Amino acid sequence: MTERQVYMDHSATTAVDRGVLEAMLPFFSEEYGNPNSLHAWGRRARKAVNEAREKVAALIGADASEVIFTGGGSEADNLAIKGSTSMRKDKGRHVITTAIEHHAVMDAFGWLDKQGFDVTVLPVDDKALVSVTELEKAIRPDTILFSMMFANNEVGTIQPVAEAAKICRDRGILFHVDGVQAAGHVPFNVQDLGVDMLTMSAHKMYGPKGVGGLYLRKGVRVEPIVHGGGQERGLRSGTENTAGIVGFGAAAELAVRRLADGSIDEEARLRDLLIKRVTSSIEEAFLTGHPTQRLPFLASFCIGSLEGESMLLRLDAAGIGASSGSACTSGSLEPSHVLLAMGLAHEVAHGSLRFSLGKDTTEEDIVYVAENLERIVADLRALSPLWKTRG
Amino acid sequence: MYTEKVMELFMNPKNAGRMEDPDGVGEVGNPRCGDIMKIYIKVKDDRIADISFETFGCASAIASSSMVTEMVKGLTLDEALAISNKDVVNALGGLPPQKVHCSLLAEEGIQAAIEDYRAKQKAKSGAAAPKS
């Protein structure tokens with residue numbers, strides 16, 4: 001056992017903030033009413049859900065009536081993609097997405113493909129950036145939807161969302177943005193951006209797991225994928241997860257504070273410290289993704305002549321939690337589709353590592369991670385036939 | 001996901017590192033798939049007198065390399081050739097299904113090293129024959 005524990009996998013999930021947890025607690029055993037009931041218990045629960053909706057809407061500059069709560073980010077992505085195309089399929093059967101999406105989007109498009117839609121997948125450049133010129137070229141008269149992530153979960157690249165939104169608006173195409181990694185971490189306003197739909201997830205911003213949200217601009221119509229009691233304007237039936245929704249609201253409030261008080265800048269400073277240290281002290285270690293246009297909490301690398309899983313497990317043994325897009329961590333034999341889409345060779349992509357910082361990450365944590373990574377890379381390279389043949 | 005034995009050998013692999021002047025070298029796998037195993041052997045009286053490995057790959061590839069080198073050390077070449085990937089998996093206390101190919105590399109690595117040794121011997125005796 002190691003004494004020090006450094007969690008650097010906040011892209012995977014975050015701890016529920018203490019204040020968020022406290023806000024949630026009464027809604028399990030005290031305020032347990034069903035928000036749809038007419039009695040006092042129900043009215044109190046309804047009020048809590050409404051307040052949470054206001055807070056989540058405030059985070060992204062939306063009106064509360066434009067926020068639909070779901071059972072997580074994946075469900076919100078599915079609702080946006082399947083629900084909007086189902087509504088518009090008579091207008092056209094062509095849809096567009098990108099090569100670096102999360103599986104929740106990628107596989108929803110795969111499902112559309114099976115339903116007879118024509119799917120175009122936009123490429124990215126070596127920094128994982130989508131080109132809006134490519135988007136313009138891909139649009140056809142029968143295009144009905146474009147879906148693109150706000151920021152990539154593996155390499156952190158932030159996409160030209162506003163530019164893409166303008167193109168979609170001019171061409172009359174619905175634009176969905178998977179904002180799971182960006183919401184609460186990158187300041188933005190859905191009105192200024194001009195997007196039609198945007199996915200959020202509570203557990204990526206110090207809220208609970210199992211709660212997500214879909215921003216649906218006023219006037220955008222989607223067909224529900226969960227039918228039943230007609231909750232959430234009939235777009236997501238099922239008794240509201242009151243405690244979870246309250247937690248999402250509290251997490252959104254926390255995010256608004258963090259975006260305003262300089263916390264995000266401090267996180268970016270620590271991220272840059274880690275990037276600088278790793279790329280300067282470790283030979284053949286390079287940053288993946290965009291050098292500046294990237295998530296403030298995410299540092300991702302490829303380490304030459306090494307395989308990701310072996311580095312992860314050695315880091316884990318030193319009390320450090322990180323992640324990798326190598327084949328061995330995915331359960332398949334292929335490395336991450338994101339790294340391959342960026343044009344990285346298989347052998348390079350196998351050596352990927354991702355560190356995602358959190359609100360409690362300290363400079364000491366950064367130094368601890370860098371020192372351990374340096375040691376682990378040296379130890380594993382002593383075992384690697386690829387490394388020796390170079391030297 | 002991994003057994004204690006796999007983790008133990010992954011953290012502290014035995015017979016790791018490059019060998020100077022080996023009698024035989026076998027290299028299997030390819031970097032595209034994320035696994036390369038290189039086995040070095042020294043042979044004395046038809047037995048594996050010394051062995052080491054270098055492996056690029058995941059924890060199970062490194063543990064499989066370590067395990068197979070321990071298993072074949074001291075064996076005759078034919079005995080070593082009879083070691084199968086199943087023997088390696090069993091000795092490790094099991095591997096997750098998607099990692100079984102790592103143990104196959106271990107089996108193939110030993111075979112490749114022995115083949116290389118035998119080919120070199122043959123070349124030597126072949127080259128020596130006309131002179132004698």
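Things to note:
- Of the residues making up the stretch B:73-89, those that are part of a helix (DSSP H, G or I), open to solvent by 20 Å² or more (accessible area, probe 1.4 Å) and either over 26 Å from A:ASP316 (Cβ atoms) or within 14 Å of chain A (Cβ to nearest Cβ) (or both) number 6.
- Helices (runs of 4 or more DSSP H) lying entirely in the stretch A:13-104 (those with 1 or more residues that are under 19 Å from the mean Cα position of the chain (by Cα) and modelled with pLDDT of 95 or more): A:40-60, A:73-88
- Filtered residues of the stretch B:39-61 (kept if in contact with a strand residue (DSSP E or B) (Cβ under 6 Å, 6 or more places away or on another chain) and either acidic (Asp, Glu) or within 13 Å of chain A (Cβ to nearest Cβ) (or both)): B:ILE39, B:TYR40, B:ASP46, B:ASP50, B:SER52, B:PHE53, B:GLU54, B:THR55, B:PHE56, B:GLY57, B:ALA61
- Those residues of the stretch B:90-105 which are away from chain A (no Cβ under 14 Å), outside any helix (DSSP H, G or I) and open to solvent by 20 Å² or more (accessible area, probe 1.4 Å), in sequence order: B:GLY93, B:GLY94
- Pick from the stretch A:363-387, criterion within 14 Å of another protein chain (Cβ to nearest Cβ) and out of contact with any helix residue (DSSP H, G or I) (no Cβ under 8 Å at 6 or more places or on another chain), ranking: surrounded by the most Cβ atoms within 10 Å (Cβ to Cβ): A:SER384
- Residues being more than 10 Å from chain A (Cβ to nearest Cβ) and assigned to a loop (DSSP other than H, G, I, E, B) - total across the stretch B:2-38: 9
- Test result for B:GLU70, among the acidic types (Asp, Glu), surrounded by fewer than 24 Cβ atoms within 10 Å (Cβ to Cβ) and closer than 30 Å to A:ILE303 by Cα: yes
- Looking at A:ARG277, A:ARG314, just one residue is part of a helix (DSSP H, G or I), away from every other protein chain (no Cβ under 14 Å) and not polar (S, T, N, Q), and that residue is A:ARG277.
- Condition met for A:LEU270 (away from every other protein chain (no Cβ under 14 Å), over 29 Å from A:VAL49 (Cα atoms) and within 21 Å of the chain's Cα centre (by Cα)): yes
Residue-by-condition table, conditions (1) in contact with a strand residue (DSSP E or B) (Cβ under 8 Å, 6 or more places away or on another chain); (2) under 26 Å from A:VAL105 (Cβ atoms):
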site	(1), (2)
A:GLU267	no, yes
A:LEU274	yes, no
A:GLU283	no, no
A:GLY289	yes, yes
A:ALA299	yes, yes
A:ALA318	no, no
A:GLY325	yes, yes
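- Condition met for A:ASP360 (open to solvent by less than 40 Å² (accessible area, probe 1.4 Å) and either in the same structural domain as A:ASP316 (by TED's automatic domain parsing) or not small (Gly, Ala, Ser) (or both)): no
- Options A:THR97, A:THR70: the member that is assigned by TED's automatic domain parsing to the domain that holds A:ALA164, over 20 Å from A:ARG236 (Cβ atoms) and among the β-branched types (Val, Ile, Thr): A:THR97
- One residue from A:ALA299, A:ALA268 being not in a helix (DSSP H, G or I) and not assigned by TED's automatic domain parsing to the domain that holds A:ALA182: A:ALA299
- Residue among B:GLY94, B:GLY126, B:GLY109, B:GLY74 that alone is at pLDDT below 95 and not β-branched (Val, Ile, Thr): B:GLY126
- Selection of helices (runs of 4 or more DSSP H) fully inside the stretch A:336-391 by the criterion of at least 2 residues being farther than 30 Å from A:GLU101 by Cβ returns A:363-381, A:385-390.
- Selection of the stretch A:1-12 for residues being open to solvent by 30 Å² or more (accessible area, probe 1.4 Å) and at pLDDT 95 or above yields A:GLN5, A:TYR7, A:ALA12.
- In the stretch A:13-52, residue least open to solvent (accessible area, probe 1.4 Å) [restricted to those that are over 15 Å from A:ALA202 (Cβ atoms) and of a type in the set (S, T, N, Q)]: A:SER37
The values are calculated or read from the model by the stated rules, or taken from the named source; none is laboratory data. Bear in mind that the values here come from a model prediction, so they are computed numbers and not experimental data. Every residue, glycine as well, gets a Cβ built from its backbone with ideal geometry; the counts of neighbours run over all protein chains shown. All accessible areas refer to the heavy atoms of the entire protein, side chains included, with ligands and DNA or RNA removed. Shrake-Rupley method; radii C 1.70, N 1.55, O 1.52, S 1.80 Å.
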